[in-house]
1. Taking a threshold of 20 Å on the Cα-Cα distance, which of the pairs K5/K45; K50/K78; K38/K109 fall above it?
2. At most 13 other Cβ atoms within 10 Å and a DSSP loop assignment: could you name the GluC sites (Glu not before Pro) in segment 1-53 that fit?
3. Give me the aspartates and glutamates in straight-line cross-link reach of K64: C-alpha distance below 17 Å, same-chain residues under 8 apart excluded.
4. Given a cut-off of under 8 Å on Cα pairs at least six residues apart, what relative contact order in percent is computed for segment 8-113?
5. Please rank K45, K64, fewest neighbouring Cβ atoms within 10 Å first, as an exposure proxy.
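FYI, it's all coordinate maths here, none of it is from the lab. Here the structure is a predicted model, which means the values were calculated and not measured. Glycine gets a Cβ as well: all are built from the backbone with ideal geometry, and neighbour counts include every protein chain shown.
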Amino acid sequence: MVETKDIRPSEGEDPATLAQETIELVDNGRWQLCNSGKGLERQFKFKTFKATWDFMNTVAAECKTQKHHPEWTNVYNKTHIQWTTHNPEGLSSRDTRMARFCDEVGTEKGELPAESGDVKVTKGEMVAGDCCKKG
């Protein structure tokens, strides 16, 4: 469970509002805090590489509109996304807004449901899917 003290807000953010938004994403969603409370991260998984790429293109278009970008990686049908604000450093409402947007687009693009055996993945630990198996 996320507590207000776990979050490191960007300068100028209302800590109470940011905490409420973050708690909703983490405790009631699939996001987790990262970067010592300065960011949010999550993995998205789709049935195909094309669906994953469509998801990433839609998020990228919104990033241009919002003038805010993620740190992300993609391997086959998985995309790991991390939202944090670099200036001023910390977690911001821009991060929580984009995290919610990613959730909405994930649903729209057919994100696969989390499986009980899914492990929370951190950047650099993703592995290729069936596309790379011989046979």
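1. Working: K5/K45 31 Å; K50/K78 11 Å; K38/K109 28 Å.
The answer is K5/K45; K38/K109.
2. E3, E11
3. D54, D95
4. 36
5. K64, K45
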